[in-house]
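Chemist: I am attaching a structure below and will ask some questions about it afterwards.
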């Protein structure tokens with residue numbers, strides 16, 4: 001693909017987003033939330049790709065993947081008024097279906113179409129499936145990092161904004177309570193990602209987001225995470241119980257070790 005293809009895709013995406021605009025203020029906030037998120041993920045993925053010295057062709061594919069990674073979110077919200085996949089539809093598989101049915105990617109070589117679609121299909125998976133082909137793994141690892149780097153921003157804005165200004169679907173409809181699951185807390189100690197299915201409160205969701213540090217792939221992504229101070233900012237929003245403090249100190253130590261490894265490489 002070339003930059004003309006990317007320009008065409010950007011125009012298509014902008015028109016597609018506008019087709020979901022609404023006079024309802026709450027609905028409009030939620031649609032704009034996902035449109036803005038997409039543009040930020042595009043910027044993130046380009047920055048990581050460039051810092052990791054990817055080729056111009058790989059960077060174009062990465063940005064196209066970022067542009068379309070959440071294309072299913074718009075129809076998901078229009079149908080179900082939620083961004084919770086477990087009570088509606090898997091937005092990644094829906095997005096792959098939408099792109100396939102529109103034939104939008106057919107201006108690209110077949111191999112590039114396949115790489116983009118597979119990256120979209122699995123960008124939200126708990127882990128990268130073994131069935132993913134080796135030449136797809138780079139793109140998938142890039143989009144998973146770039147996506148998390150902006151999801152952290154989205155939710156920090158949600159937590160830090162007055163209730164009346166929040167995009168309602170961002171909180172996934174979870175009750176804003178101090179209670180949390182010991183199962184999710186254990187994931188922080190065990191250096192593994194918590195499961196979405198375990199969420200019961202917004203505090204659980206915050207702890208899950210902290211656990212994402214264990215699924216960051218690239219040194220450039222780790223540096224961006226530190227630069228933006230997302231983990232520490234989320235930690236400040238959770239109850240400072242003895243268990244949470246111990247778990248989050250372990251996370252902060254892990255992040256510092258990753259940063260030291262980046263500086264020494």
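Chemist: How many residues are closer than 19 Å to residue 85 by Cα and surrounded by fewer than 20 Cβ atoms within 10 Å (Cβ to Cβ) when one looks only at segment 110-120?
Modeler: Here the count works out to 1.
Chemist: Any idea which of 49, 66 is within 19 Å of the chain's Cα centre (by Cα) and under 17 Å from residue 7 (Cα atoms)?
Modeler: 66
Chemist: Then there is this: Of all residues in segment 78-109 being part of a helix (DSSP H, G or I) and under 17 Å from the mean Cα position of the chain (by Cα), which is nearest to residue 16 (Cα to Cα)?
Modeler: Filtering segment 78-109 for residues that are part of a helix (DSSP H, G or I) and under 17 Å from the mean Cα position of the chain (by Cα), the one nearest to residue 16 (Cα to Cα) comes out as 95.
Chemist: Given the structure, is residue 227 in contact (Cβ under 8 Å) with a residue 12 or more places away in the chain and either part of a helix (DSSP H, G or I) or touching a strand residue (DSSP E or B) at 6+ places or on another chain (Cβ under 6 Å) (or both)?
Modeler: No.
Chemist: Which residue, of 103, 72, is within 19 Å of residue 144 (Cβ to Cβ) and free of Cβ contacts under 8 Å to residues at least 40 places away in the same chain?
Modeler: 72
Chemist: Also: For segment 13-33, how many residues are in contact with a helix residue (DSSP H, G or I) (Cβ under 6 Å, 6 or more places away or on another chain) and modelled with pLDDT of 95 or more?
Modeler: The number of residues fulfilling the criteria is 4.
The values are calculated or read from the model by the stated rules, or taken from the named source; none is laboratory data. Remember, it's a predicted structure, so these values are computed and weren't measured experimentally. FYI the Cβ positions are ideal-geometry reconstructions off the backbone, even for glycines, and counts take in every protein chain you see.
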